[in-house]
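Chemist: The structure that follows is given in the form of structure tokens.
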Amino acid sequence: MNTLNYQETLQNLHSIPRRKKENDLKRMERFMELLGNPQNTLRCVHVAGTNGKGSVSKMIAHSLTTSGYTAGLFTSPYIIEFRERIAVNGDLIKEEEVIEYYSIVQKGIETLLQEDFGHPSEFEVVTAMAFIYFKEKNVDVCVIEVGIGGRYDATNVLLPILSVITSISKDHVSQLGDTLREIAFHKAGIIKSAPVIASSQKQEVREVLDSAAAEKKTDITFIEPAMYEFLELEGSKQIIRLRMDGIPPFTVRLNLLGTYQLENAATSVKALLTLQKSGYQKLTVQSIKKSLETVTWIGRMEVVHTTPFTIMDGAHNEDGASRLVESIQSYFPQKRILLLLGMLKDKDVSAVTKLLAGAAAICYLHTPDDFRALPETELASYIPPGKPYFLRHTVEEAYKKAVEDFTEGDLILSTGSLYTIGDMRTAVENTWKADTKSV
């Protein structure tokens, strides 16, 4: 009988030793076999990509729920609470269920060790828990976000009803390769016999994805810029126009900021309309539109305070940083940017810092609370010459300094890592506990 409490369960999960990722799925396949192959009973939308896969996964799952389906959502990493990783219809897995499903997979882990497969990684264990959870919750569709890559990702033991590939750019180069073709090869690994929807992609990436789809004898549809259009900003929403084959153009007040969210929205809508054609008739333009106007996603160009105007975002690679800068300059061209920046060592710190610091008036450097964090003193060496900056160890200290320096018309922007978002939210709450203008 399992006697662990919730915190002890999380401690056990997080203390699983990290090891180099294998270039095969043999252990995960055996793990699933020992657990009865729960993934084979699920109808899954599998989502890979470098940037946007979390937003697209959330939009698809939220639309399914809004349309009357029971939708599971598996994402990573979590931002504030571990339970965010596994949800059904927006409801996070309960603490007692985390304990229960961790206990269920233990027998499989013991057998893996006996058979010399080694201990499954934390991600493999949590993926197994999610598959069993969704099976027992009898979800209609589950949306599964890839962890890293795709081809050898633990989630890739499933057989999807639809594969979705968002924007591909350079990230995790030590694991996936340092060229776009190599990275695309890994992402293309989720392409099976099911239809594929992909964001527009660079030409070399398209060639890799096209080749993979042809090999699996399945159709791939790429999103084109003509399919979406920004109309205007309305508070913290952006009004966009979507144009899809087979239906009249329609306007949406998208509840997510970011110029990159236009393509993410178009990708999601195309995926949902593809599901509709395959039998999910409760998905309608009306229900999809309602979903996009109400969907929320933590830390994706999220306005977390209005006075001083504060936005946080998880951009942590060159493409993400470029898109964030483009969005900020497009929406708020006259604002002076006070940049809170903290990064992990395994990211392209030079490229990201050059883009973000280049757009900022002042930088406030801090160290994320993660074992891979780059100390703020080292991050300082990447700041362009002549750019003013301050060093603060925590994001809360950095935020308080930025608040001191804030003048009317400025914008405080916190970014550089998904692992800072939870602490940034706490920093805002602690700073403005009695303030009614918090968002």
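Chemist: In whole angstrom, note down how far apart the Cα centers of segment 395-433 and segment 38-113 are.
Modeler: That distance is 30 Å.
Chemist: Once all Cα-Cα distances of segment 337-401 are split into 10 Å bins that start at 0, what whole-number percent is in each one?
Modeler: 24, 60, 15, 0
Chemist: Using r as the Cβ-Cβ distance of residue 221 and residue 282, and R0 as 22 Å, what FRET efficiency do you calculate, to the nearest 0.05? Present the calculation step by step, with values, prior to reporting the outcome.
Modeler: Details: r = 22 Å, r/R0 = 0.99.
After rounding, the FRET efficiency stands at 0.50.
Chemist: Please list, ordered by chain and number, the residues whose modelled amide H lies under 5 Å from the amide H of residue 295; skip anything fewer than 5 residues away on the same chain.
Modeler: 255
Chemist: With +1 assigned to the C-beta of every Lys and Arg and -1 to the C-beta of every Asp and Glu, and no other charges, what is the dipole magnitude of segment 77-216 about the Cα centre in debye, to the nearest 20?
Modeler: The dipole of segment 77-216 has a size of about 540 debye.
Chemist: Let me have the 222 nm mean residue ellipticity of the chain computed from DSSP H runs of 4+ only, each contributing -39500 (n - 2.57), with the sum over all residues rounded to the nearest 500. Show your work: numbers first, answer last.
Modeler: Working: 15 runs with 169 residues, N = 439.
Calculated mean residue ellipticity at 222 nm is -11500 deg cm²/dmol.
Chemist: Put +1 on the Cβ of every Lys and Arg and -1 on every Asp and Glu Cβ in segment 283-406; which of 365, 328, 316 then has its Cα farthest towards the positive end of the dipole?
Modeler: My answer, from the dipole projection, is 328.
Chemist: Quick check: with the 1.4 Å probe, what order do 371, 332, 134 take by accessible area, largest first? Numbers along the way, then the final one.
Modeler: Details: 371 135, 332 30, 134 0 Å².
So, going from the largest accessible area down, we get 371, 332, 134.
Chemist: Read phi for every residue in segment 382-399 and hand back ³J(HN,Hα) as whole Hz from Karplus 6.51 cos²θ - 1.76 cosθ + 1.60, θ = phi - 60°, with x for Gly and Pro.
Modeler: Calculated HN-Hα couplings, in order: 8, 6, x, x, x, 7, x, 8, 10, 9, 9, 6, 9, 5, 5, 5, 5, 5 Hz.
Chemist: I would also like to ask the following. Can you flag which of 187/217; 94/270; 53/401; 192/277; 94/237; 94/277 are past 24 Å Cα-Cα?
Modeler: Values: 187/217 17 Å; 94/270 32 Å; 53/401 33 Å; 192/277 18 Å; 94/237 31 Å; 94/277 34 Å.
94/270; 53/401; 94/237; 94/277, as the Cα separations exceed 24 Å there.
Chemist: Place a +1 charge on the Cβ of each Lys and Arg in the chain and a -1 charge on the Cβ of each Asp and Glu, then give the dipole magnitude about the Cα centre in debye, rounded to the nearest 20. Write out the running numbers ahead of the final one.
Modeler: Working: 49 positive and 56 negative charges, 186 e Å.
Computed about the Cα centre, the dipole is about 900 debye.
Chemist: In addition: Taking a probe of 1.4 angstrom, what is the accessible area of residue 278 in Å², to the nearest 10?
Modeler: Solvent-accessible area, nearest 10 Å²: 80 Å².
Chemist: Additional query: Hey, can you grab everything whose amide H is under 5 Å from the amide H of residue 389? Only 5+ residues off in sequence or another chain; H modelled, so Pro and N-termini drop out.
Modeler: The list, which skips near neighbours in sequence, is 363.
Chemist: Give the peptides 17-23, 309-315 in descending order of average Cβ contacts within 10 Å, highest first. Before the final figure, lay out each step's value.
Modeler: Numbers: 17-23: 10.4, 309-315: 24.7.
Taking the mean over residues of other Cβ atoms within 10 Å, the ranking is 309-315, 17-23.
Chemist: I'd like the FRET efficiency for residue 107 and residue 408, computed as 1/(1 + (r/R0)^6) with the beta carbon distance as r and R0 of 60 Å, rounded to 0.05. Don't skip to the answer; put the middle values down first.
Modeler: Numbers: r = 61 Å, r/R0 = 1.02.
Computed FRET efficiency for residue 107 and residue 408: 0.45.
Chemist: Within the set of other residues whose C-beta is less than 13 Å from the C-beta of residue 125, count the net charge using Lys and Arg as +1 and Asp and Glu as -1. Please list the in-between numbers first.
Modeler: Details: positive: 18, 27, 85, 107; negative: 110, 122, 124.
Every neighbour counted, the sum reads +1.
Chemist: Can you tell me the mean projection area, over all orientations, of the convex hull of segment 293-439's alpha carbons? Units nm², please.
Modeler: On the way: hull surface 34.1 nm².
Averaged projected area of segment 293-439's Cα convex hull equals 8.5 nm².
Chemist: How big is the shadow of the Cα convex hull of segment 14-68, averaged over all directions, in nm²? Mind showing how you got there, number by number?
Modeler: Working: hull surface 24.7 nm².
Across all orientations, segment 14-68 yields a mean hull projection of 6.2 nm².
Chemist: With the dipole of the chain worked out from charges on the C-beta (+1 for Lys and Arg, -1 for Asp and Glu) around the Cα centre, which of 268, 9, 427 lies farthest toward the positive end?
Modeler: Going by the charge dipole, the pick is 268.
Chemist: Same structure again: For the chain, take the convex hull of the Cα atoms, compute a quarter of its surface area, and give me that in nm², please. Can you show the working numbers first?
Modeler: Working: hull surface 84.3 nm².
Average projection, Cα convex hull of the chain: 21.1 nm².
The values are calculated or read from the model by the stated rules, or taken from the named source; none is laboratory data. A quick note: this is a predicted structure, and the numbers were derived from the prediction, not measured. All Cβ positions, even for glycine, are placed from backbone atoms using ideal geometry, and neighbour counts span all protein chains on display. These accessible areas exclude ligands, DNA and RNA; they are computed on the full protein's heavy atoms, side chains included. Shrake-Rupley method; radii C 1.70, N 1.55, O 1.52, S 1.80 Å.
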